[in-house]
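Working notes, beginning with the structure itself.
The values are calculated or read from the model by the stated rules, or taken from the named source; none is laboratory data. This is a predicted model, so every value here is computed, not measured. Glycine also receives a Cβ, built like all others from the backbone with ideal geometry; neighbour counts cover every protein chain displayed.
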Amino acid sequence: MTEIADNKTPDGPVDAPVDAPVESPADAPADAQADAAAEDVVLRVENLAVDFRTENGPARAVSNANLTVRRGQTVAIVGESGSGKTTLAMAVLGLLASNGSVAEGHIWFKDEDLGHVSAQRMAQLRGTELGLVPQDPMTNLDPIMRIGQQIDEGLIDNGLRSRRDARARTVELLDEVGLPDAARRAGQYPHEFSGGMRQRALIAMGLAGRPALLVADEPTSALDVTVQRGILDQLAGLTQELGTAVLLITHDLGLAAERADIVVVMYHGEIVEQGPARQVLTAPKHDYTKRLMAAAPSLASRRIEIARERGLEDVLDDALLAPGEEAAAGTVAESDALVQVKDVSKVFTIRGSGLLSRSKDFTAVDGVSLDIPRGSTVAVVGESGSGKSTLARMILDIEKPTRGTITFDGGLVGAGGHKDQIAYRRRVQPVFQDPYSSLDPLYSVFRAIEEPLRAHDYGDAAARRARVEELAEQVALSKGQLQRFPAELSGGQRQRVAIARALALSPELVVCDEAVSALDVVVQAQILQLLAGLQDELGLTYLFITHDLAVVRQIADRVLVMQQGRVVEEGTVDTVFDSPATDYTRTLLDAIPGKDLELAL
Amino acid sequence: MLRLIVQRLLLLIPLLLGLSVLLFAWVRALPGGPATALLGERATPEAVARINTLYGFDQPVHVQYFKYLGRLLQGDFGVSTRTGRPVLDEFLTRFPATIELTIVALIIAIGIGIPLGYIAARRAGSFIDHSSVVVSLIGVTVPVFFLAFILKYVFAVELGWFPSTGRQDPTMIATHPTNFYVLDGLLTGEWDAAWDALVHLILPGIALGTIPLAIVARMTRAAVSEVQNADYVRTARAKGIRASRLRGEHILRNSMLPVLTTIGLQVGLLLSGAVLTETVFAFSGIGSFLAEAVFNADYPVMQGFVLMIAIVYALVNLFVDVSYGLIDPRLRRQQ
């Protein structure tokens, strides 16, 4: 039934030249060819413009882009989301969305203009001369096909191996990217792989045809820092060995500084600056690059900056910031801890897979104790699977601890009935990771913020409206934005909505589970600033759950490092960052990309 | 996988028990009691008393229920009050007809629905896409009996291309070892009988298949639209694989997951008998027989057929769930 389906290609760039005015001086291609041969140039993008067809006519996503990638070189394109960096890379691969096309300019790959070759030729080049390592390992593998088969098919269809020999080669390739037990792993499905393993498989896929040019689109941004480092090392090692040119797309300046020879900065579809990595990042010329540098999560604590602004140098001596007035007036006894977690464990039972097989116990959190002082910010860091999110869920009273106790303001969490639980929810509010999926797309901003007020019977309609407007002002959302829907907001604006919603009931504790991880650096800095300001103004207590150590340094007072369900290190941010006591913490710190960049700044 | 099948079969037990209680209570709750229902409203008190003793309607309700249940377990679903034959026999002779009709309807629904939905999604906004929307809308909005009448009038009565009623030409002499008429013809080598039975299935098959066709086409279109924009499809294209492999192995296979559920639900519905279609074409499947049973207050047939249809429906859904696991490895673990 498929053969009646399109035998013409659905792919993007074929129809491009038809409506695009191609201005090509007669001598340009010849020159480009000559240069390419002479200087080992693999890719040369000339005056490239990419348009997307929209209902309001064509929208230009990339304009007037020029860049060159030489053999064995790594060129990083840096910019925030929407800057056109991914569009540029996809244009090179001929993988633009179906409404996108090359409107102007040329993409010289060796001696062919990829902007104007046939779709068939483009398909031939992909998988042999051009490779892709995509961004998100969770969504880039076909979920219902074995990993090995997904690599085999590329080898077979590109005529690199016969059907019979493909698997042996696939195992070699998986082995090469550092996947242990590759032969067995090749027979598994993506859901049986961890994120890091999937990313390794994707790298094997991208390099399977030994391409001359590899496009790596944020190849590790979805992974933990320690995993990130290992994978980037592997990628760098392999491409160096094979002499592959790499076009690295990233929003992470540190990563670009560390891994690239040339850095290209994009902003609003245009290349605003490019040059050798160190030069661009240490002496930025363009305003946007300067802003990007300023916003990058640095290892200088935001708290120190805030303190300096107010001239309160003395607080720096005391690592634990003085608690607010209310603590002084309130409980004099034992401590001013708002939350006390004592020796808490959480054991999950995993059901066996066979008919008669036994279920197994999995200890997600193992004997963790911590105090969250009132008015302070405590961060829990660790890789995924370290148990940090489970700990947060127990503090939020979403999960019950298997052992141990959690007390909040002197009362035992989860001990009372349904009413107590609802009362508790008023005082403790979460802000979740993904601002794209944690807001109901059918609720206006006003309704999203108002919802908790309704649920907890807060005043009448007028009182609620006043409260919502007050909250919107606190998180710097305009009145006009209250009538909008999530789809019309940027990631940063959505996270402001999520924060306003969390603050609606005047909670005492706000639990931020990777609350800024999905945001661009500039926006991330704004949100962190907002959170710090709100803490000051409202005397909030924060629990930050994150894998991003740079963020921790910016916002937290105390930090706990978790590994495999246990707390391996605990202390003030300065002690942990400046003199980490365990190897694990040191590994985490070392893995922050561009750690030494600040020295140069 | 085995665990799933065993679990689901065990779940079927309480389901059928519950249904048997409902069916039992329903007949007992009829105005005037089951005897009056059987004999009609003008029955004499003596006749009612005789029937009550004969069928045990005078015994305590729980005793009656357990006796009823006991008979069910032995495969005794009672006797049709209209034909005088055992309900189980009536079901088994007619069910093959319904299965045949279902298969033809499904071939039409899947054979046209999936390609139509696929092409519509791959060429979103094209003429084919727009016409597929129109076709689907007509498919779900036109009442089945109306479509059946139109088909019969145009293609059977006016044009005479197809027979208008029945499963086979009544003048045809054919043997029926399995009651699947097309299969019977093939088994016995009576080719003309097989062909004749097949021709009789076309019009009712089209009438019955139209709604599932529309639903399958819409589901396929939605699923393909989503899958073709998935990251892993773009990654597969980046590998430079053949277009046919991209379509078949990646796009279509992933799109089939939600479509399969839809098809499963439709098969269940089709197998429970198409009352309207079978009636219009005088096609002797379980649907038309059940309808007649309702008009004639044939309670044993209604009770028995409902129970057996429930079993068929549950088994079809189990089959769909199992095949879901075969396509999607992620579900094997969870199941």
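Quick notes on this one:
- When the criteria are applied in full, B:ILE107 meets the requirement of being assigned to a helix (DSSP H, G or I), within 19 Å of the chain's Cα centre (by Cα), in the same structural domain as B:THR220 (by TED's automatic domain parsing) and surrounded by fewer than 20 Cβ atoms within 10 Å (Cβ to Cβ).
- Test result for A:GLY324, surrounded by 15 or more Cβ atoms within 10 Å (Cβ to Cβ) and at pLDDT below 70: yes
- Close pairs from the range A:117-134: first on the phi < 0 side of the Ramachandran plot, partner among the small types (Gly, Ala, Ser) and outside any loop (DSSP other than H, G, I, E, B), Cβ under 7 Å, at least 6 apart: A:ARG126/B:ALA238; A:GLY131/A:GLY206; A:LEU132/A:GLY206; A:LEU132/B:ALA238; A:VAL133/A:GLY206; A:VAL133/A:ALA216
- Unique residue being at pLDDT below 85 and either in contact with an Asp or Glu (Cβ under 7 Å, 6 or more places away or on another chain) or more than 12 Å from chain B (Cβ to nearest Cβ) (or both) when the list is A:ASP165, A:ASP136, A:ASP181: A:ASP136
- Test: residue in the range A:412-435 that is at pLDDT below 85, hydroxyl-bearing (Ser, Thr, Tyr) and outside any strand (DSSP E or B): no
- Looking only at residues in the range B:128-179 that are within 14 Å of chain A (Cβ to nearest Cβ) and more than 26 Å from the chain's Cα centre (by Cα), the one that is surrounded by the fewest Cβ atoms within 10 Å (Cβ to Cβ) is B:ILE128.
- Boolean, B:THR102 is crowded, with 20+ Cβ neighbours inside 10 Å and of a type in the set (S, T, N, Q): yes
- Qualifying positions in the range A:455-495 - within 23 Å of A:LEU538 (Cβ to Cβ), without any contact (Cβ under 8 Å) to a residue 12 or more places away in the chain and acidic (Asp, Glu): A:ASP457, A:GLU470, A:GLU473
- Qualifying residue in the range A:142-152 (condition: facing another protein chain (nearest Cβ under 8 Å) and under 30 Å from A:MET293 (Cα atoms)): no
- Close contacts from the range B:170-182, counting a first residue that is not assigned by TED's automatic domain parsing to the domain that holds B:TRP195 and a second that is of a type in the set (Asp, Glu) and exposed (fewer than 11 other Cβ atoms within 10 Å of the Cβ), with Cβ to Cβ under 6 Å and a gap of 6+ residues or different chains, come to none at all.
- The residues of the range A:190-217 that are part of a loop (DSSP other than H, G, I, E, B) and either of a type in the set (Gly, Ala, Ser) or surrounded by fewer than 20 Cβ atoms within 10 Å (Cβ to Cβ) (or both), listed by number, are A:PHE193, A:SER194, A:ALA208, A:GLY209, A:ARG210, A:ALA212.
- Considering only residues in the range A:453-492 that are part of a helix (DSSP H, G or I) and among the polar types (S, T, N, Q), the one that is surrounded by the fewest Cβ atoms within 10 Å (Cβ to Cβ) turns out to be A:GLN483.
- The residue of the range B:8-45 that is farthest from B:VAL61 (Cα to Cα), among those that are exposed (fewer than 13 other Cβ atoms within 10 Å of the Cβ) and within 14 Å of chain A (Cβ to nearest Cβ), is B:LEU9.
A quick yes/no check of all residues on (1) assigned to a helix (DSSP H, G or I); (2) farther than 30 Å from A:GLN135 by Cβ; (3) without any contact (Cβ under 8 Å) to a residue 24 or more places away in the chain:
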| position | (1), (2), (3) |
| --- | --- |
| B:ILE211 | yes, yes, no |
| B:ALA223 | yes, no, no |
| B:THR235 | yes, no, yes |
| B:LEU270 | yes, yes, no |
| B:GLU278 | yes, yes, no |
| B:GLN303 | yes, yes, no |
| B:LEU307 | yes, yes, no |
| B:ALA310 | yes, yes, no |
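- Checklist (1) away from chain B (no Cβ under 13 Å); (2) outside any strand (DSSP E or B); (3) in contact with a helix residue (DSSP H, G or I) (Cβ under 8 Å, 6 or more places away or on another chain) applied to A:LEU155, failing item: (1)
- Of the residues making up the range A:104-126, those that are within 14 Å of chain B (Cβ to nearest Cβ) and of a type in the set (D, E, K, R) are A:ARG121, A:ARG126.
- Scanning the range B:235-266 for residues that are surrounded by fewer than 19 Cβ atoms within 10 Å (Cβ to Cβ) and within 10 Å of chain A (Cβ to nearest Cβ) yields a count of 6.
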